[in-house]
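Engineer: Please see the structure below; I have some questions.
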Amino acid sequence: MKPDLFQAPDYYLLDDLLSEEHKLVRDATRAWVKRDVTPIIEEYAQRAEFPKQLIKGLAEIGGFGPYIPEEYGGAGLDQISYGLIMQEIERGDSGIRSTSSVQSSLVMYPIWKYGNEEQRKKYLPKLATGEFIGCFGLTEPDFGSNPSGMITNFKDMGDHYLLNGAKMWISNAPFADIAVVWAKNEEGRIHGLIVERGMDGFSTPETHNKWSLRASSTGELIFDNVKVPKENLLPNKSGLGAPLGCLDSARYGIAWGAIGAAMDCYDTALRYSQQRIQFDKPIGATQLQQKKLAEMITEITKAQLLTWRLGVLRNEGRATTAQISMAKRNNVDMALTIARDARQMLGGMGITGEYSIMRHMMNLESVVTYEGTHDIHLLITGMDVTGFPAFK
Ligand SMILES: Cc1cc2nc3c(=O)[nH]c(=O)nc-3n(C[C@H](O)[C@H](O)[C@H](O)COP(=O)(O)OP(=O)(O)OC[C@H]3O[C@@H](n4cnc5c(N)ncnc54)[C@H](O)[C@@H]3O)c2cc1C
């Protein structure tokens, strides 16, 4: 892969909206990505392998539980710092950002918010340092966009719960130490359970042959009469709102992350357009390529503003699920369009691993589907503005 010459675009001088702490956190993550992620990521993506050596660095930059209080090992940062960390990590690769998102928002968040003090103390510090890696099991083979139909269930056996069912498309599953699993009790109510690797009847086969998120490890969670200790049930919230609350936090991070991928594609295409000569002039001097670049920087700038405002609302506790849906949907679609245009601007070179664009483009095909598809987020906005749910 070519040397990482990334220059972050900031067309509307949005750095002025950031505090010194925001910039410090962002720059530390940016430097780590440049030093440790971009030099190796293409090779790992080609091999379809998660680079486990990055776990320590992810923990050090605050990538595991950025907004979890320091007393539990988290970084205790605000929502804008959290977003900036996601942006910078995804500038490197969406798969690495996925590991950070899952650990922070889908594993640490539910333990922090829905768990008891013993569970917080037992798991959060180890998750914050990366000693434990977690995964989040909501999606099932027959229930993706509609998780309320889930079949995975547990029965009260007196001194333990008996868990049965299967989850699929689970990020980090093949090597996770713990899984936060969503399952129905005998009354059909959804609860979160912490399942630990090594429990009898629990297996995590890896999903192969992905063309997307190749540097992220994806797998299934299979529960065949798994005895789960009663103290592993998350006691403080149940119902579908519990997993959806985690998804709000993760989707917010994705909205920022997608900007990172888009910035990397734009920056690469801009530099290439200034250097690549055809018909005796740089391709960047042609109107067609300028149109692409002008539209890219316009869309990136709009997404940066949208997401910064969403971060302010989240800091104030005022951001709604529908507002988060809008930002996730808009920004991932924006990044995907930019990745496709940027890939074309590099001509044949755009399809190679010499440049990051094709990898971002393929990664974003998962990002546009997971954590609520592009269509489902549109339906959430539609429901929010009309008052009519059009899901069924
Ligand atoms: C790489 C990867 C990693 C993932 N990681 C995780 C994870 O860690 N944990 C986890 O729980 N899940 C994870 N997922 C699962 C992901 O969240 C689901 O794939 C997603 O929710 C969509 O579900 P589905 O694939 O079953 O598609 P479906 O729900 O079957 O949807 C298929 C198509 O139908 C459309 N559709 C569905 N319902 C409607 C409707 N009412 N109206 C109009 N159109 C509709 C969808 O938009 C989509 O285009 C991951 C997925 C991928 C690809």
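Engineer: Out of (1) of a type outside the set (Val, Ile, Thr); (2) more than 13 Å from the ligand (Cβ to nearest atom); (3) open to solvent by less than 40 Å² (accessible area, probe 1.4 Å), what's the single condition that is false for LYS328?
Structural biologist: Unmet condition: (2).
Engineer: Test each condition in (1) over 21 Å from LEU270 (Cα atoms); (2) in contact (Cβ under 8 Å) with a residue 12 or more places away in the chain; (3) within 16 Å of the ligand (Cβ to nearest atom) for PRO389 and report the one that comes out false.
Structural biologist: All conditions pass for PRO389, except number (2).
Engineer: Here are GLY192, GLY253, GLY239: which of them is touching a residue at least 40 places away in the same chain (Cβ under 8 Å), more than 15 Å from the ligand (Cβ to nearest atom) and either in contact with a helix residue (DSSP H, G or I) (Cβ under 6 Å, 6 or more places away or on another chain) or assigned to a loop (DSSP other than H, G, I, E, B) (or both)? Break it down into steps so the answer makes sense when it comes.
Structural biologist: Working: GLY192 fails: more than 15 Å from the ligand (Cβ to nearest atom); GLY253 fails: more than 15 Å from the ligand (Cβ to nearest atom).
Criteria check complete, one pass: GLY239.
For every residue, the table says whether it meets (1) open to solvent by 50 Å² or more (accessible area, probe 1.4 Å); (2) more than 20 Å from the chain's Cα centre (by Cα); (3) closer than 30 Å to ILE40 by Cβ.
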position: VAL180; (1), (2), (3): no, no, yes
position: ARG189; (1), (2), (3): yes, yes, no
position: THR207; (1), (2), (3): no, no, yes
position: LYS210; (1), (2), (3): no, no, yes
position: ALA215; (1), (2), (3): no, no, yes
position: GLU220; (1), (2), (3): yes, no, yes
position: ASP224; (1), (2), (3): yes, yes, no
position: LYS230; (1), (2), (3): yes, yes, no
position: LYS237; (1), (2), (3): yes, yes, no
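Engineer: Sticking with this one: Mind listing whichever residues of region 92-122 are touching a residue at least 24 places away in the same chain (Cβ under 8 Å), in a helix (DSSP H, G or I) and over 25 Å from LEU213 (Cβ atoms)?
Structural biologist: Hits for region 92-122 are TRP112, LYS113, TYR114, GLU118, GLN119, ARG120, LYS121.
Engineer: Considering only residues that are open to solvent by 50 Å² or more (accessible area, probe 1.4 Å) and assigned to a helix (DSSP H, G or I), look in region 362-373 and name the one that is farthest from the ligand (Cβ to nearest atom).
Structural biologist: MET362
Engineer: Okay, next question. Looking at LEU58 and the list (1) assigned to a loop (DSSP other than H, G, I, E, B); (2) surrounded by 14 or more Cβ atoms within 10 Å (Cβ to Cβ); (3) hydrophobic (A, V, I, L, M, F, W, C), which single condition is not satisfied?
Structural biologist: The failed condition is (1).
Engineer: Something else now. Identify, please: which residue in region 145-174 is more than 13 Å from the ligand (Cβ to nearest atom) and outside any strand (DSSP E or B) and is, among those, nearest to ASN116 (Cα to Cα)? Explain how you work it out, then say what you get.
Structural biologist: Step one: of region 145-174, the residues more than 13 Å from the ligand (Cβ to nearest atom) are 151, 153-164.
Remaining after also requiring outside any strand (DSSP E or B): 151, 157-159.
On the way: ILE151: 26, MET157: 22, GLY158: 20, ASP159: 19 Å.
Checked region 145-174; the qualifying residue nearest to ASN116 (Cα to Cα) is ASP159.
Engineer: Can I ask one more? So which of GLY149, GLY137 ends up being free of Cβ contacts under 8 Å to residues at least 12 places away in the same chain, open to solvent by less than 40 Å² (accessible area, probe 1.4 Å) and within 26 Å of the chain's Cα centre (by Cα)? Walk me through it before giving the result.
Structural biologist: Working: GLY137 fails: free of Cβ contacts under 8 Å to residues at least 12 places away in the same chain.
Every option except GLY149 fails the conditions.
The values are calculated or read from the model by the stated rules, or taken from the named source; none is laboratory data. Please read all numbers here as calculations on a predicted model, not as lab measurements. Methodologically, a virtual Cβ is constructed for each residue, glycine included, from the backbone with ideal geometry; neighbour enumeration extends over all protein chains shown. Remember, those area values only see protein heavy atoms, side chains included, never the ligands or the DNA or RNA. Shrake-Rupley method; radii C 1.70, N 1.55, O 1.52, S 1.80 Å.
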